[in-house]
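One structure is given below, encoded as structure tokens.
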Amino acid sequence: MSTLTSHEHPILEPAAAKVDTKLEVIVIPVSDVDRAKRFYGNLGWRLDADFANGEAWRVVQLTPPGSQCSIHFGTGLTTAAPGSVQGLMLVVDDIEAARARLIAGGADVSEIFHFDGGRRVAATQARLPGPDPEGSSYRSYVSFNDPDGNAWLLQEVKTRLAGRGLGLNVATLTALLREAEERHGAYEASAPKHHWSGWYAAYIVAREHGRSPEESVRDAAAHMQGPGR
């Protein structure tokens, strides 16, 4: 999932202090479990589980294609009102293809739009027709609701900002590899003999965690000084 572009700088912590904390599941309140299961299944979402314990408790898990985060809905799972979840966001690298897939799956999908000013997750005001005129990442959207009215946004991200996750994006990874190649050249000129793949891996992981290029060079160098490198 993603955030608006801005000029804020993330608070950087020492690498040793970081603990991966990955969003795993979002609970969606629905009124009809089987209807919701059919709806999301028709969109091509993977059915991972459907567990029940009598009639009072049931949980269904589905995962959007390529996502590391799943959704749960069921019976006895949440007290939230069905349809009350708004602004759930899915990221795609081709908004037109993603919209076509949703339509094929039976979803009532908006036309592609962009915002005049700040993003509003549910209301339609400030939506302007068509994709972002400049074709920028993070700025073109479509929206759809599930049968209960839980509201989703699809956001097109063709190239991610540094530190916001690599994703399954060839262009982003290619740019990072080229950046790593350039930085490694400067490091290699005075470094002891080493295998470039270990340095590249440490550099890219550091960049993916929000480290600056200069900090990532230091992290990669420290990694290569570890035992057995």
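The values are calculated or read from the model by the stated rules, or taken from the named source; none is laboratory data. Just so it is clear, the structure is predicted and the values come from calculations on it, not from any experiment. Every residue, glycine as well, gets a Cβ built from its backbone with ideal geometry; the counts of neighbours run over all protein chains shown.
Take the range 99-125 and flag every residue that is at pLDDT 95 or above and within 30 Å of residue 58 (Cα to Cα).
Listed by number, the residues that qualify are 101, 102, 103, 104, 105, 106, 107, 108, 109.
Of all residues in the range 74-89, count the ones that are more than 15 Å from residue 152 (Cα to Cα), of a type in the set (A, V, I, L, M, F, W, C) and surrounded by 15 or more Cβ atoms within 10 Å (Cβ to Cβ).
1
Counting only residues that are surrounded by 13 or more Cβ atoms within 10 Å (Cβ to Cβ) and under 24 Å from residue 109 (Cα atoms), how many does the range 45-64 have?
Total satisfying the criteria: 7.
Could you list, in sequence order, the residues of the range 90-100 that are surrounded by fewer than 16 Cβ atoms within 10 Å (Cβ to Cβ) and either touching a Leu at 6+ places or on another chain (Cβ under 9 Å) or in contact (Cβ under 8 Å) with a residue 24 or more places away in the chain (or both)?
Across the range 90-100, the qualifying residue is only 94.
Given the options 175, 151, 221, 202, name the one that is modelled with pLDDT under 90 and small (Gly, Ala, Ser).
None of the others qualify; the one that does is 175.
Output the residues belonging to the range 104-121 that are farther than 25 Å from residue 68 by Cβ and out of contact with any Phe, Trp or Tyr (no Cβ under 8 Å at 6 or more places or on another chain).
Within the range 104-121, 111, 116, 117, 118, 120 meet the criteria.
If a residue counts only when it is farther than 19 Å from residue 139 by Cβ, which strands (runs of 3 or more DSSP E) contained entirely in the range 63-119 have at least 1 such residues?
In the range 63-119, 70-75 are the strands (runs of 3 or more DSSP E) which contain 1 or more residues that are farther than 19 Å from residue 139 by Cβ.
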